[in-house]
1. Of all residues in segment 2-53, count the ones that are outside any helix (DSSP H, G or I) and either modelled with pLDDT of 80 or more or at positive phi (or both).
2. Count, please, the residues in segment 1-25 that happen to be surrounded by 10 or more Cβ atoms within 10 Å (Cβ to Cβ) and of a type in the set (Ser, Thr, Tyr).
Amino acid sequence: MLIPQEKRYYWNRDDYHLTAFVITASAFSFVILNVGFLMSDKAQTTVITGMKENNRSFLANVPGDFNTTTTACS
């Protein structure tokens with residue numbers, strides 16, 4: 001079954017530009033999101049490592065005995 005000549009749709013230049021824009025924009029957004037996720041993961045790893053090192057140094061350098069109960073006035 002053939003479509004009549006007056007009902008056929010032919011792509012014009014604007015259609016090609018819109019298609020190229022959508023494909024390019026989706027590729028850029030994919031790259032930006034991946035870089036964002038990568039940086040977020042690295043930042044989280046850095047924060048966790050820093051917290052572990054900070055806790056170790058804090059616990060190693062605190063003088064005193066924490067098994068006794070003290071008050072603020074003594």
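1. 1
2. 3
The values are calculated or read from the model by the stated rules, or taken from the named source; none is laboratory data. Owing to the predicted nature of the structure, the values given are computational and were not obtained by experimental measurement. Cβ: placed from backbone, ideal geometry, glycine included. Neighbour counts: every protein chain shown.
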